[in-house]
Amino acid sequence: MTRLLRISSTIGCVLAALGSVSCAEKVVNPPASPQFPDSVLVGYVHDAHVLAWRDLTSGGQVATDQIEIPQATADEYYQALKRVYLACPGKAPFADIHISVGNDLRMIVVGVRKTAHWADSLIAGASTTGNARFDSLRREYRFSLVDVSPFTETSRVLVLQLPRDMNTLALIPMFIPIEGVVFAEPNSRPYPGLDIIATPGTGHRLRLQYVQVCTLWQFTLSPGDTVTFDGHWGIPCKGVRQRAEHQRGGM
């Protein structure tokens, strides 16, 4: 991934026509500790992890063995998201957009045969299940059982929750060899939904696209502490993500 720019004190926001979005033409010396709503910051922490995870798994390495999400990359995305928010103070239409699509980075769904007695121990709340491989994974990654549901006449589904965002694609192959497991996969959240798409560009620029069902807002972060508002578009409700990704080009 192209290294992301670090934006510091001065923010410029060059506007095209955009309804009610209000971006300062130039914000000089913003507060040293700007105030953000807690809900925004909590959302941006998760958004940054998802963006860093997409970078981690984007090179065709769908099952990369790196389980921890690169924190340095996530931190840079987090700062970039905050800078766009600062550049457009007030209730901008995109302010409440957080990523709600794609693989869940905290949930794994595991299908288990009813004959796997270690799963009975897990469901009963035992601290150990008697299955050494499962118990080892549980100790290392500290996941917990949050739901159980029937799947077929001979199997059931266990929903496991991780304590923090991780690369679930790297974790799921570790469950396959466990006795009685018939499948393991990340919990997926289907489109349509809210999304933020990040595209590194030339000259250390970064494009952020905020997608809300049928509307896309686009910003470019550039060296020189500048945030540029590129415009917003109404886009087809079907295939929204494909259209958003198509607009990545041209940087």
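Write out, first by first residue and then by second, each pair whose Cβ atoms fall under 8 Å of each other, whose residues are 6+ apart or on separate chains, and whose first residue, in the stretch 95-114, is on the phi > 0 side of the Ramachandran plot while the second is surrounded by fewer than 17 Cβ atoms within 10 Å (Cβ to Cβ) and part of a strand (DSSP E or B).
Sorted first by the residue in the stretch 95-114, then by its partner, the pairs are Gly102/Ser188; Gly102/Arg189.
Scan the stretch 93-132 for residues that are of a type in the set (D, E, K, R) and surrounded by 15 or more Cβ atoms within 10 Å (Cβ to Cβ) and jot them down. First the steps, then the outcome.
If we filter the stretch 93-132 for residues that are of a type in the set (D, E, K, R), which is where we start, we get 96, 104, 106, 113-114, 120.
Correct list: Asp104, Arg106, Arg113, Lys114.
So which of Asp230, Asp195, Asp225 is at pLDDT 90 or above and among the acidic types (Asp, Glu)?
On the way: Asp230 fails: at pLDDT 90 or above; Asp225 fails: at pLDDT 90 or above.
Exactly one residue qualifies, and that residue is Asp195.
Name the single residue that is surrounded by the fewest Cβ atoms within 10 Å (Cβ to Cβ) among those in the stretch 133-158 being of a type in the set (D, E, K, R) and over 22 Å from Leu169 (Cβ atoms). Spell out the reasoning first.
Pass one, the stretch 133-158, residues of a type in the set (D, E, K, R): 133, 135, 138-140, 142, 147, 153, 156.
After this cut, where a residue has to be over 22 Å from Leu169 (Cβ atoms) as well, the list is 135, 153, 156.
Numbers: Asp135: 17, Glu153: 6, Arg156: 18.
That would be Glu153.
Would you call Phe151 hydrophobic (A, V, I, L, M, F, W, C) and touching a strand residue (DSSP E or B) at 6+ places or on another chain (Cβ under 6 Å)? Outline the logic, then answer.
On the way: hydrophobic (A, V, I, L, M, F, W, C): yes; touching a strand residue (DSSP E or B) at 6+ places or on another chain (Cβ under 6 Å): yes.
Yes, satisfied.
Among Gly224, Gly125, Gly203, Gly180, which is more than 23 Å from the chain's Cα centre (by Cα), within 28 Å of Asp65 (Cβ to Cβ) and not acidic (Asp, Glu)?
Values: Gly224 fails: within 28 Å of Asp65 (Cβ to Cβ); Gly125 fails: within 28 Å of Asp65 (Cβ to Cβ); Gly203 fails: within 28 Å of Asp65 (Cβ to Cβ).
So the residue among Gly224, Gly125, Gly203, Gly180 that is more than 23 Å from the chain's Cα centre (by Cα), within 28 Å of Asp65 (Cβ to Cβ) and not acidic (Asp, Glu) is Gly180.
The values are calculated or read from the model by the stated rules, or taken from the named source; none is laboratory data. Every value quoted in this text rests on a predicted model; they were computed, and no experiment measured them. Heads up, the Cβs are rebuilt from the backbone with ideal geometry, glycines too, and the neighbour counts pull from every protein chain shown.
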